[in-house]
Amino acid sequence: MIGSGVMGSRIACHFAGIGVQVLLLDIVPFTLNDSEKSKGLTLNDKAVRNRIVTDALQATLKGKPSAVYTQKVAALISTGNIDDDLPKIATCDWVIEVVVERLDIKQQIFNKIEQFRKPGTLVTTNTSGIPIHLMSEGRSEDFQQHFCGTHFFNPPRYLRLLEIIPDPKTKPEVIDFLMDYGMRFLGKTTVLCKDTPAFIANRVGVFGFMAVFKAMQALGLNVDEVDALTGEIFGRPKSATFRTGDVVGLDTLVHVAKDLPINAPNDEAVDIFKMPPFLDKMIENKWLGDKTGQGFYKKVPAPKGAPKGKPEILTLNLETMEYGPKVKTRFATIDAAKPIDDLPQRIKTLYFGADKAGEFYKMFHHLLFAYVSHRIPEIADELYKIDDGLKAGFGWEIGAFETWDALGVKKTVERMKTAGYAVAPWVTEMLAKGCATFYKTEKGQRKYYDIRTGEYQLIPGLGSFIILEHLEEKVVWKNSACKLYDIGDDVVALRWNTKMNSIGGEVLEGVNKSVAIAEEKYKGLVIANNGPNFSAGANVGLIFMFAAEQEYDELDMAVRQFQATTMRLRYSGIPVIVAPHGLTLGGGCEMCLHADAVQAAAESYIGLVEVGVGLIPGGGGTKEMALRASDRNIKEDIETNYLQQLFINVGTAKVSTSAHEAYENFILRPGFDHISINPDLRIAEAKRNILNIAAHGYTQPAPRTDIKVQGRGGLGGLLSGIHGMWRGNYMSDYDKLIVEKLAWVMCGGDLSQPTLVTEQYLLDLEREAFLSLCGQRKTLERLQSILTSGKPLRN
């Protein structure tokens, strides 16, 4: 990796995260800093010569959100400087240039690389827009054949887009390798791009920003109103427009927007890229966003009398160019759309809104649809590439052409023409041929409209994935929340669709029914969901309702049903693999804990978080932690070390920040559970694992009767630690009560000595503690806070 700036260091960390050794190089400093002077160092000292790369990597490793799945992988990154260590690239298979966006500097770097690279070594550039063919000019034939653009998006761990931009002389097998390696090993959505200005995602994504600015100015909206309109409500990141601008940096946005009219003078929407006056003023003032401390938003110290000194976020008034308090916004269209979970349906409600919000959505989408239609075939011959780029590079949940399909292509075109927006001729030709949508799914295969043939073609590269939504013809069983699919080779997969994929009675029914069907007719069962998260846990609203109305018999039955369901997973007659991704909390985590194996997406945030809402894990999670502590303690011939560690994890509601960290937290088990770097592969890889287990003969496990709990001895140690935390004001009185009940269960209750107990014994203790906490007023307050504000309450 040549260049250790923000992108270079983060890309290095991502490669290290998948187990690849990385050599990270940067320039030698020109002068000593004060610290080096005070130590008597000179420019010849290695510490000085490597200072830039060392500082950059350390800053990246300390950054939040973390650039690595686990800090341990930092050992795979070695550092050096270009002057002393560039010859080491002769040992590397792939060299990535990530230096400043200047053609002359990049060409100097390539000249040095060519001196030391061995023939056949891949050389790629992370440029975001410099023409690839200009960078390879004057290089050797072998260099040009192995040269390509590999444009990662920031932060590379979290944004999945990797644009592959070949040089005219790049070998086809090099392109194929980069597309496959990026998808399978780096977990990326790889998009093959033409060498056009800003490639695909930035070309359309930056247009999206500029279209928002145009609609905002035309309708007289302010910053707070636009961010309320352009966030999660219509399938965009929570940071919406202006907060995203602050995070990315206005200089980056403006750089791309200013370059496009120069590099693409024939773009029909060139006027959209003209800088609005407020952007020019902000650049002049160096109000670039987070990197300069202020942009569209500015954080200032809390005003006097504010609770706990919480800083105040001010918003920039784009007319006066002064900061003021955030303005509360409310639109009838937003209120009507909020209850709708299905995104395409929600977008239709927004688009057809009768207020100013509806006008905004119409104008924005008309601008967007016209623009993307004219980019085919300029920047991509295949329309799905634009949607892939926007979703993977800008965090859109739904692509531009997918949105157009949701709104109805023909009627939207008619409305656009009436409003004065011109679509590209190929769209009209498509409709004239009777093709009403840009995408369609046939027999589980997704197709796109191809303008070259005038017919629907298979989207390439999806053969490795199992996408349950494309298998509606393969539904074996369903209820109002769940669907069970036949995914081939005698394996079925269950998914459910509820708010935050929470787990209620219908989901539990679906799990039990799926296990029964799989035992009767199939080799195994995969449990997986789509959307941003696997599951936020049990239905908190249902628990609150039963507890508030003191329906303790109903609550007892619900907890018993959840425990019975997780135990059904554990002791089924067929292998069950859970394939989580995103948030996998509470009950979602408990399902993972009881499966035969887990096939987790790397970006899985797994944990037992019930203590945060005034409860303990009640679906077998507390029992399972006691069981795992027992197994590790017995295996390693120690008594309480693992018990203490797992107790702390549950008692502090610790959530793993990646699937890799879930191993360290004893949620995932080495040898049993596996990770899919690409989340789109996890269902297919879970299915493959089931077939492997079945081929070797699956034996139904027997219930455990040998769980060694510590009784009063272990409980005393835990209670002592709890008391110390409480006296140190690290927990409230009520926190103390909750974790004391947790300790009671994990130690097996009032036992005079370490004792072997059954799973059912621990489940009964777990359920009793859970129900007793449901009768506490402060637990109800915590549950209510989550339901009303989405935020935990510390009481």
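The values are calculated or read from the model by the stated rules, or taken from the named source; none is laboratory data. If you're wondering where the values come from, they're calculated on a predicted model, not measured in any experiment. Note: ideal-geometry Cβ built from the backbone for every residue, glycine included; neighbour counts use all protein chains shown. The accessibility values were calculated without ligands, DNA or RNA, using every heavy atom of the protein model including side chains. Shrake-Rupley method; radii C 1.70, N 1.55, O 1.52, S 1.80 Å.
Residues in the stretch 399-452 that are assigned to a strand (DSSP E or B) and open to solvent by 60 Å² or more (accessible area, probe 1.4 Å): Lys440, Thr441, Glu442, Gln445. If the condition is being assigned to a loop (DSSP other than H, G, I, E, B) and open to solvent by less than 60 Å² (accessible area, probe 1.4 Å), then the stretch 540-576 contributes Tyr571, Ser572, Gly573, Ile574, Pro575.
Could you list, in sequence order, all residues of the stretch 330-367 that are open to solvent by 50 Å² or more (accessible area, probe 1.4 Å) and either under 28 Å from the mean Cα position of the chain (by Cα) or at positive phi (or both)? Steps first, please.
Pass one, the stretch 330-367, residues open to solvent by 50 Å² or more (accessible area, probe 1.4 Å): 330, 332, 335-336, 338-339, 341-342, 345, 348, 352, 354, 356, 359, 362.
Matches in the stretch 330-367: Asp335, Ala336, Lys338, Pro339, Asp341, Asp342, Gln345, Lys348.
Need at least 2 residues that are touching a helix residue (DSSP H, G or I) at 6+ places or on another chain (Cβ under 6 Å) and over 18 Å from Ala595 (Cβ atoms) per element, so show me which helices (runs of 4 or more DSSP H) inside the stretch 648-755 make the cut, counting only ones lying wholly within it. Give the steps one after another, and end with the answer.
Details: elements: 659-664, 682-695, 711-727, 733-746.
In the stretch 648-755, 711-727, 733-746 are the helices (runs of 4 or more DSSP H) which contain 2 or more residues that are touching a helix residue (DSSP H, G or I) at 6+ places or on another chain (Cβ under 6 Å) and over 18 Å from Ala595 (Cβ atoms).
Within the stretch 153-176, the residues that satisfy the criterion of being over 19 Å from Gly205 (Cβ atoms), of a type in the set (D, E, K, R) and in contact with a strand residue (DSSP E or B) (Cβ under 8 Å, 6 or more places away or on another chain) are Asp167, Lys169.
Taking interchain pairs and intrachain pairs at least six residues apart, which have beta carbon atoms under 8 angstrom, with the first residue in the stretch 740-753 and without any contact (Cβ under 8 Å) to a residue 60 or more places away in the chain and under 18 Å from Leu773 (Cβ atoms) and the second among the charged types (D, E, K, R) and in a helix (DSSP H, G or I)? No pair meets every condition. Close Cβ contacts (under 9 Å, 6 or more residues apart or on different chains) running from residues in the stretch 132-148 that are under 17 Å from Ile105 (Cβ atoms) to residues that are of a type in the set (Gly, Ala, Ser) comprise Ile132/Gly149; Met135/Gly149; Phe147/Ser136. For the stretch 130-141, the set of residues classified as in contact with a helix residue (DSSP H, G or I) (Cβ under 9 Å, 6 or more places away or on another chain) and either in a helix (DSSP H, G or I) or at positive phi (or both) consists of Leu134, Met135, Gly138, listed by residue number.
Looking only at the stretch 577-628, residues that are among the hydroxyl-bearing types (Ser, Thr, Tyr) and part of a helix (DSSP H, G or I) come to 1 in all.
Would you be able to tell me the number of residues in the stretch 6-42 that are open to solvent by 40 Å² or more (accessible area, probe 1.4 Å) and either within 24 Å of the chain's Cα centre (by Cα) or not basic (Lys, Arg) (or both)? Of the residues in the stretch 6-42, 17 are open to solvent by 40 Å² or more (accessible area, probe 1.4 Å) and either within 24 Å of the chain's Cα centre (by Cα) or not basic (Lys, Arg) (or both).
Cβ contacts < 9 Å: first residue under 12 Å from Phe666 (Cα atoms) and open to solvent by 10 Å² or more (accessible area, probe 1.4 Å), restricted to the stretch 622-634; second residue of a type in the set (A, V, I, L, M, F, W, C) and not in a helix (DSSP H, G or I), any location; separation 6+ or different chain. Result? What qualifies is Arg628/Phe666; Asp631/Ile707; Arg632/Ile638; Arg632/Phe666.
With respect to the conditions (1) part of a helix (DSSP H, G or I); (2) of a type outside the set (A, V, I, L, M, F, W, C); (3) touching a Phe, Trp or Tyr at 6+ places or on another chain (Cβ under 8 Å); (4) farther than 15 Å from Ala653 by Cα, Asn795 falls short on a single one, namely (1).
Kindly evaluate Lys39 against the criterion of being free of Cβ contacts under 8 Å to residues at least 12 places away in the same chain, out of contact with any helix residue (DSSP H, G or I) (no Cβ under 6 Å at 6 or more places or on another chain) and under 30 Å from Tyr605 (Cα atoms). Taking the combined requirement at face value, the residue does not satisfy it.
Give, as residue ranges, the helices (runs of 4 or more DSSP H) completely inside the stretch 43-121 that count at least 1 residues that are open to solvent by 30 Å² or more (accessible area, probe 1.4 Å), touching an Asp or Glu at 6+ places or on another chain (Cβ under 6 Å) and farther than 15 Å from Ile11 by Cα. Write out each step before concluding.
Details: elements: 46-49, 51-62, 82-85, 103-116.
Fully inside the stretch 43-121 and qualifying: 51-62.
When Ala392, Ala380 are checked against the criterion of being touching a Lys or Arg at 6+ places or on another chain (Cβ under 7 Å), surrounded by 16 or more Cβ atoms within 10 Å (Cβ to Cβ) and assigned to a loop (DSSP other than H, G, I, E, B), a single residue qualifies: Ala380.
Taking the numbered list (1) modelled with pLDDT under 95; (2) out of contact with any Cys (no Cβ under 6 Å at 6 or more places or on another chain); (3) surrounded by 14 or more Cβ atoms within 10 Å (Cβ to Cβ) in turn, Gln710 passes all entries but (2).
Just checking, which of Asp195, Asp246, Asp227 is touching a Lys or Arg at 6+ places or on another chain (Cβ under 8 Å) and in contact (Cβ under 8 Å) with a residue 12 or more places away in the chain?
Every option except Asp227 fails the conditions.
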